[in-house]
Amino acid sequence: MEVLVVDDEVISRRMIENTLHEGGYQVTTATNGYEALQILKQRPIQLVVVDWEMPVMDGIEFCRSVRSGDSSRYVYIVMLTSRSQQSDAISGLEVGADDFVTKPFDPVELIMRVHSGKRVVAMESRDLMIFALAKLAESRDPETGAHLDRVRNYCRILALHLQRQVRFQDEVNDEFIRLLYDTSPLHDIGKVSIPDDVLLKPDRLTTDEFEIMKTHTIRGAETIESMMEQFPNARFLKMAHDITLSHHEKFDGRGYPHGLAGEQIPLCSRIVAVADVYDALTSKRIYKKAYSHSRAKSAIVAGSGKHFDPAIVDAFLDNEDSFIATRKRFRDNPTCSNHGMPVTHTPFEFAPAMMGQEL
């Protein structure tokens, strides 16, 4: 990641630059706040280390200008200062500085402060990207809003249960759960590529139409892959890719697109499969009424070892009350209907009108 270093003192600027280089950062430099603003207009830099006292434009005025601008990205600002009064820190925070390092600076402390900023920027970039993709899906698919809220919460319930199981503790940590919650709403992002005459069809799909519909997994994964090329270290994109590609795989190997079986299927996808199917079964569609929890439960249990990972079915059974509570909390808006809207075909064969079409 690139850091903009702003300091009018040559020696100080070079010391900061060398420290950040050793910390693995690319560095661009400026000698005052005005010069730094011009650089930010031309380059997508989101981390800045700026000195407080400089000619032309000091650090305070620089912060104020950055925060009053119309940039679509957040710029994290670490301010270097020889001032140590609490009132000075308050003044810096008021104009938009995110953190402070006292001069003369400790190289280790500076790196730690910049690392913290990098995490903040990464979180913002991730959340914005997920939001943008989710809005893209929403433009084509009515199964958004409450559906996505329910699915992500069902996934978190299941993952929290698995975290307490010895066999899953190495994989299901707090970060896994957080990423699963954030990225599970993207599971059907590939449906934006499905033609209207297939995606919007209110009746049973033909065999050929079903084959087209199935491509939403690969198309969605390809969308995520293009982002992974730009952000190869973004772990949330890896999970989003796995979920998008594999949430229709089946534990017995009869799913799609690649016929994976058992633990060949990423754990995140096996979790989403149960959450997504449960919500499809308990939701009203043009072609079916909403199943009761009891009936949906029977369908999930019947799919254990076939469609679903038995360990995740067990987690579902141990958390029925939480599923029911989540269903009530994120109830569909009763004033809304699917009439005139796209029909997303159910992912499970237990919906009578769509028997055999497991979407």
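Provide a single number: the residues in segment 30-62 that are in contact (Cβ under 8 Å) with a residue 60 or more places away in the chain and either in contact with a Leu (Cβ under 7 Å, 6 or more places away or on another chain) or part of a strand (DSSP E or B) (or both).
2
In the set R150, R156, R167, R178, which member is open to solvent by 50 Å² or more (accessible area, probe 1.4 Å), part of a helix (DSSP H, G or I) and in contact (Cβ under 8 Å) with a residue 40 or more places away in the chain? Walk me through it before giving the result.
Values: R150 fails: open to solvent by 50 Å² or more (accessible area, probe 1.4 Å); R156 fails: in contact (Cβ under 8 Å) with a residue 40 or more places away in the chain; R178 fails: in contact (Cβ under 8 Å) with a residue 40 or more places away in the chain.
On inspection, the qualifying residue turns out to be R167.
Taken as a whole, the condition of being under 30 Å from L200 (Cβ atoms), of a type in the set (A, V, I, L, M, F, W, C) and modelled with pLDDT of 80 or more applies to L148. Considered as a group, the residues in segment 27-65 that are within 28 Å of the chain's Cα centre (by Cα) and farther than 16 Å from V78 by Cα include one that is surrounded by the fewest Cβ atoms within 10 Å (Cβ to Cβ), and that residue is Q42. Surrounded by fewer than 16 Cβ atoms within 10 Å (Cβ to Cβ), within 30 Å of E2 (Cβ to Cβ) and without any contact (Cβ under 8 Å) to a residue 60 or more places away in the chain: is that true of E225 in this structure? For E225, the condition - surrounded by fewer than 16 Cβ atoms within 10 Å (Cβ to Cβ), within 30 Å of E2 (Cβ to Cβ) and without any contact (Cβ under 8 Å) to a residue 60 or more places away in the chain - is met.
Taking the criterion of being in a helix (DSSP H, G or I) and hydroxyl-bearing (S, T, Y), the residues of segment 181-206 that qualify are Y181, T183, S184, S193.
For segment 75-91, a residue qualifies if it is modelled with pLDDT of 65 or more and within 23 Å of R13 (Cα to Cα), and the qualifying residues are V75, Y76, I77, V78, M79, L80, T81, S82, R83. For segment 20-28, the condition of being at pLDDT 90 or above and over 15 Å from H115 (Cα atoms) holds for at least one residue.
The values are calculated or read from the model by the stated rules, or taken from the named source; none is laboratory data. Only a predicted model underlies this, so the values are computations on that prediction, with no experimental measurement involved. Here Cβ is always computed from backbone atoms with ideal geometry, including for glycine, and neighbour counts include all displayed protein chains. SASA here: full protein model, heavy atoms, side chains in, ligands and nucleic acids out. Shrake-Rupley method; radii C 1.70, N 1.55, O 1.52, S 1.80 Å.
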